[in-house]
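The values are calculated or read from the model by the stated rules, or taken from the named source; none is laboratory data. All values reported here derive from a predicted model rather than from experimental measurement. All Cβ positions, even for glycine, are placed from backbone atoms using ideal geometry, and neighbour counts span all protein chains on display. Just so you know, the surface numbers come from the protein's heavy atoms only, side chains and all, with ligands and any DNA or RNA stripped out. Shrake-Rupley method; radii C 1.70, N 1.55, O 1.52, S 1.80 Å.
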Amino acid sequence: AVEFTYRYSAASTDRRPHPGDAAAAQARLEEGNRQFALAFDPANAAARHVIDVDPVDVNLRLGSKGVVAQQPYAAILGCADARVPIELIFNEGPNELFVVRIAGNGLGSDVLGSISYAASHFRDHLKLIVVLGHSNCGAVASAVDLFLAPANYLPLSGNLALRGVLDRLTIVIQAAQRRLLEAFGGDIVRHPGYRRALIVASTATHAALVASMVAEEIDRQRGAPLRTAYGVYEVETRQVWSPGDQDDARETDRAGLSPAPGDQASFARLADRLVHSPRVRGSLGVR
């Protein structure tokens, strides 16, 4: 049995300290996800996982006139998928994360406006922005299926809202397919694992692209950089992974987050790491 407990003590007087910089914020998220994933390890016959909650963050000890101020240390753009509970998978409680969720973690004006609000209003606390994709994403899978069978797009012609979600993914899927064909040849499209490989590559590339766009816009508005990272939550293993550091071509897969690509060369290195990653190559039966 695995028990998750959100616990607070009325006698507590100390807030859980927030990370002092972006590196510490990323490390805390990664460690939180590691603890969450390990809690369900079959080797643990029973596990009790406690997340301490500061009483102030649930508006205790403030009296009838006080309301706790928002103090998130990270803003996370994730998918609306019900299988991806953002605070839980990062081992966090209330007032720690500023979470924005939308199908396919796409970057519309409302989403960007919400993240911009966090970046401008929580300057003293916000250290990191994260864009989080996830495996088995219905939006990405649907967009890939339409890309592979364009005739199925016609029934969606009158559904403008759904088309808007899927259309934003097309350029990413095209880029992922191009790199897969370059790496493995044209016959790879007939491999039974090709669809899965394309979904894996597209999911990670989309998260990286959105993170890069967010970073550019937020840095422009703030006049100072705010670290932005991306990753993919793997529903099957409960772990967040990414293709690796953009400056290390040897790293093709890592547990945790990676920095948002900053230029065209960084995206080219990302594409190379993805086609050599165990997840893509495993889908295609390639060592």
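The table that follows gives values for the structure above.
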{"quantity": "Cα-projected label distance for Asp263 with Val50, points at 7 Å along beta-carbon direction, nm", "calculated": "5.0 nm"}
{"quantity": "Euclidean distance between Cα centres, region 65-86 to region 201-216, Å", "calculated": "20 Å"}
{"quantity": "Measure of compaction for region 134-203 (Cα Rg per 2.2 N^0.38 Å)", "calculated": "1.11"}
{"quantity": "Average accessible surface area per residue within region 1-153, 1.4 Å rolling probe, Å²", "calculated": "47 Å²"}
{"quantity": "Alpha-carbon Rg with Dmax, taken over region 99-235, Å", "calculated": "16.6, 53"}
{"quantity": "Kyte-Doolittle at least -0.5, axis length at least 24 Å by Cα - qualifying DSSP helices, the chain", "calculated": "22-39, 160-184, 194-222"}
{"quantity": "Cut-off under 5 Å, modelled amide H: who pairs with Ala80 long-range", "calculated": "Ile102, Ala103, Gly104, Asn105"}
{"quantity": "Simple Cβ-charge dipole of the chain, Lys/Arg +1 and Asp/Glu -1, about Cα centre, in debye nearest 20", "calculated": "340 debye"}
{"quantity": "Given charges at beta-carbon only (K, R positive; D, E negative), |dipole| of region 136-287 in Debye", "calculated": "280 debye"}
{"quantity": "Spin-label zone in region 261-287 - amide nitrogen under 18 Å from a point set 7 Å from the Cα of Val189 along the C-beta vector", "calculated": "284"}
{"quantity": "Residue of Ala229, Ala80, Ala215 that the Gaussian network model of the chain assigns the largest fluctuation, springs spanning Cα pairs under 10 Å", "calculated": "Ala80"}
